[in-house]
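Each remark here refers to the structure printed beneath this line.
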Amino acid sequence: MKNIVIAAGYATRLYPLTENFPKPLLKIGNSTILDRMMADIDEIPDVDEHIIVTNHRFAPIFEEWKANSNYKKPITIIDDGTSTNDTRLGAVRDLLLAIEKQSVDDDIMVLAADNILDFSLQGFVDYFQEKGSSVIMCHNEPELKKLQRTGVIAVDDNMKVLEMQEKPEKPVSNWAVPPFYIYSKKDLPLIRDCMEHGCGFDAPGNLAHYLTDVTTLHAWPMPGTRFDIGSMDSYQEAQTRF
């Protein structure tokens with residue numbers, strides 16, 4: 001399984017901290033946002049490689065980070081060639097770039113790099129193996145305003161995804177979808193061709209939304225909490241929590 005981390009975004013809401021520095025490498029306590037995630041994933045036996053997609057401006061910083069890292073599994077840094085927020089490829093195109101450049105022909109775990117989890121992703125991988133299909137993560141979100149700013153799914157009694165909405169005005173459920181996915185090798189042909197069939201490209205959830213209509217996905221309820229570093233306020237709050 002390849003661990004593909006999308007770290008190519010331009011975090012304008014965290015300026016000036018991220019004007020010339022990637023958000024995933026900001027320090028939270030004694031570690032970085034990315035290292036907190038990597039320390040867990042690197043210990044998962046099914047994962048055999050880490051692929052990190054970043055933009056052209058930050059690629060040298062990630063290469064320096066890689067040179068000073070000491071993880072068990074090999075790390076590849078992919079430069080997506082963009083230098084501004086206006087020219088960014090978007091998360092789905094960055095994923096397609098990683099698949100193409102690394103000739104990926106394996107199951108893939110796809111993660112957004114700006115999150116801290118208080119649980120291990122080993123359970124997510126175990127769930128993927130159990131279900132035998134592509135899987136996405138979900139959590140119960142009681143607040144309507146938050147549901148209207150994220151992906152929302154409807155599921156059956158077996159947690160099979162029946163429908164996925166993007167930032168819905170009227171959510172079909174309280175199951176919100178954070179940016180964590182495991183896509184089966186058998187779905188790679190669908191992923192490679194997704195742009196030709198109208199799949200959105202900006203947010204990572206665009207791909208899950210598309211795949212819901214063309215293959216089988218199951219949803220794994222998070223066993224803990226996720227902390228999204230999306231603004232200066234949330235970054236400062238994370239500093240007090242971790």
Check Asp126 against each of (1) of a type in the set (Asp, Glu); (2) free of Cβ contacts under 8 Å to residues at least 12 places away in the same chain; (3) loosely packed, with under 13 Cβ neighbours inside 10 Å and name the one condition it does not meet. (3)
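Looking at region 71-78, is at least one residue of a type outside the set (Val, Ile, Thr) and either crowded, with 17+ Cβ neighbours inside 10 Å or in contact with a Leu (Cβ under 9 Å, 6 or more places away or on another chain) (or both)?
No, that holds for no residue.
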Which listed residue, of Lys66, Lys72, is charged (D, E, K, R), out of contact with any His (no Cβ under 8 Å at 6 or more places or on another chain), at negative phi and not in a loop (DSSP other than H, G, I, E, B): Lys66
Scan Asp157, Asp233, Asp202 and give me the residue that is surrounded by fewer than 19 Cβ atoms within 10 Å (Cβ to Cβ), modelled with pLDDT of 95 or more, of a type in the set (Asp, Glu) and out of contact with any strand residue (DSSP E or B) (no Cβ under 9 Å at 6 or more places or on another chain). Asp157
Among the numbered criteria (1) without any contact (Cβ under 8 Å) to a residue 40 or more places away in the chain; (2) aromatic (Phe, Trp, Tyr); (3) touching a Pro at 6+ places or on another chain (Cβ under 6 Å), which one does Tyr71 miss? (3)
What pairs come out if I take residues in region 48-67 that are over 19 Å from Ile99 (Cα atoms) and pair them with residues that are among the small types (Gly, Ala, Ser) whose C-beta lies under 6 Å away, six or more apart or interchain? Arg57/Ser83
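The values are calculated or read from the model by the stated rules, or taken from the named source; none is laboratory data. Because the structure is predicted, anything quoted here is derived from the model rather than measured. Methodologically, a virtual Cβ is constructed for each residue, glycine included, from the backbone with ideal geometry; neighbour enumeration extends over all protein chains shown.
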